[in-house]
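Written out below as structure tokens is the structure these notes cover.
Laboratory data are not the source of any read-out in this text; all were calculated from the coordinates shown. No experiment lies behind these values; they were computed from the predicted model shown. Virtual Cβ from ideal backbone geometry, glycine too; neighbours counted across all protein chains shown.
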């Protein structure tokens with residue numbers, strides 16, 4: 001007997017990732033749709049609707065008919081109503097968008113929308129590194145820092161669907177106003193953007209060549225080649241990530257903290273430096289049972305989480 005399947009879509013800054021995923025978390029088919037740098041609400045919706053139509057046709061040839069759609073989007077999401085509240089993420093008109101209603105009208109399928117980091121959290125909890133655990137923190141280390149909190153097996157959402165904004169935790173009140181106007185945030189000091197900024201500050205080199213900026217990934221690659229500046233920056237970053245993780249350990253005392261996002265794809269030595277910093281800066285009783293592990297599902301976590309979220313919501317057995 002076939003598992004019921006759903007479409008999962010992950011709305012990124014430069015692409016839409018889309019997949020058909022069954023209830024067991026298996027990806028049946030997937031695709032990637034590139035996006036222009038200049039975007040509007042109508043453009044994004046048109047591209048998303050087209051991607052959904054195309055992947056439905058692809059799996060129809062295999063006799064598969066997805067029964068619902070889950071969409072992963074950045075920012076604050078009203079998950080009950082399926083509305084993208086904002087901020088606009090650089091997309092014109094991308095605030096207070098009733099995305100579930102619009103895509104339901106386009107597709108004829110039930111549609112559910114969630115915050116991308118929350119959906120990554122759900123995926124890692126259900127199918128990934130934190131499977132079968134009850135108390136878990138997911139930290140998405142990327143251009144910014146996002147995350148999600150699982151307490152007693154359920155996603156903690158807080159008031160106004162705003163819980164789990166791990167990146168806005170304050171780790172240095174004396175410095176650093178972020179792009180969100182928050183002083184000393186975890187995101188400002190420990191994200192991929194922070195690594196790029198620190199490289200520029202230390203070397204005075206804001207560009208790799210005359211055409212484009214050096215990326216966080218390239219700085220990590222320099223560290224693997226024992227570049228002394230890159231090594232120092234990666235080490236400093238691991239300590240700062242560890243401090244943020246230590247705060248989470250002392251507040252929540254979870255069974256596991258899962259590190260995801262692009263930065264977590266770095267080598268094991270980076271993860272080990274984070275562990276060392278986190279354990280050195282957290283309370284002994286709180287850290288006694290916690291494990292700090294790399295996410296297992298990689299870039300597909302938001303897709304898998306979105307699809308599973310929609311199937312769970314449709315079934316009426318909602319724990320998210």
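Here the extension length gained between residue 159 and residue 101 equals 18.6 nm, from 0.36 nm per residue of separation less the Cα-Cα distance. As a proxy for reagent exposure, ranking 314, 259 by other Cβ atoms within 10 Å from fewest up yields 314, 259.
All Cα-Cα distances of region 133-295, cut into 10 Å bins from zero to the largest, leave 11, 39, 34, 13, 3, 0 percent in each bin in turn. Axis angle, to the nearest 10 degrees, between helix 116-126 and the longest C-alpha principal axis of the chain: 80 degrees.
Work out the FRET efficiency for residue 53 and residue 14 from their Cβ-Cβ distance, taking R0 = 22 Å, and round it to the nearest 0.05. FRET efficiency, residue 53 to residue 14: 0.55. The relative contact order of region 133-295, computed from alpha carbon pairs under 8 Å that lie at least 6 residues apart in sequence, is 23 percent. Extension gain for residue 200 to residue 229 (0.36 nm times residue separation, less C-alpha to C-alpha distance): 9.4 nm. For a paramagnetic label modelled on residue 291 (point 7 Å from Cα along Cα→Cβ), amide N atoms under 20 Å away belong, within region 111-139, to 120-139.
Look at the alpha carbon pairs under 8 Å that are at least 6 residues apart: their mean separation over the length of the chain gives a relative contact order of 20 percent.
Averaging the Cα positions of each part gives two centres, and for region 1-53 and region 289-313 these lie 16 Å apart.
Using just its DSSP H runs of length 4 or more, each adding -39500 (n - 2.57), the chain gives a mean residue ellipticity at 222 nm of -12000 deg cm²/dmol after division by all residues. Seen against the Cα atoms of the chain and their longest principal axis, helix 228-252 is set at about 70 degrees.
Using a Förster distance of 35 Å, how high is the FRET efficiency between residue 173 and residue 31, based on the Cβ-Cβ distance and rounded to 0.05? Working from the Cβ atoms, E equals 0.20.
Please work out the FRET efficiency for the pair residue 315 and residue 133, using the Cβ-Cβ distance as r and a Förster radius of 30 Å; give the result to the nearest 0.05. Efficiency computed from Cβ-Cβ geometry: 0.85. If you take the square roots of the eigenvalues of the alpha-carbon gyration tensor of region 82-149 and sort them as a ≥ b ≥ c, do you get rounded (a/c under 1.5), prolate (a/b over b/c) or oblate? Because a/c hits 1.5 or more and a/b fails to exceed b/c, region 82-149 counts as oblate. Between the Cα long axis of helix 268-280 and the first principal axis of the chain there is an angle of about 70°, rounded to the nearest 10. Taking region 121-157 and a reference point 7 angstrom along Cα→Cβ of residue 251, the backbone N atoms nearer than 18 Å belong to 121-122, 135-142, 144-157. Summary of packing: across the peptides 120-129, 48-57, 223-232, the per-residue average of other C-beta atoms within 10 Å ranks them, highest first, as 120-129, 48-57, 223-232.
Summary value for region 1-160: 17 percent relative contact order, contacts being C-alpha pairs under 8 angstrom separated by 6+ residues.
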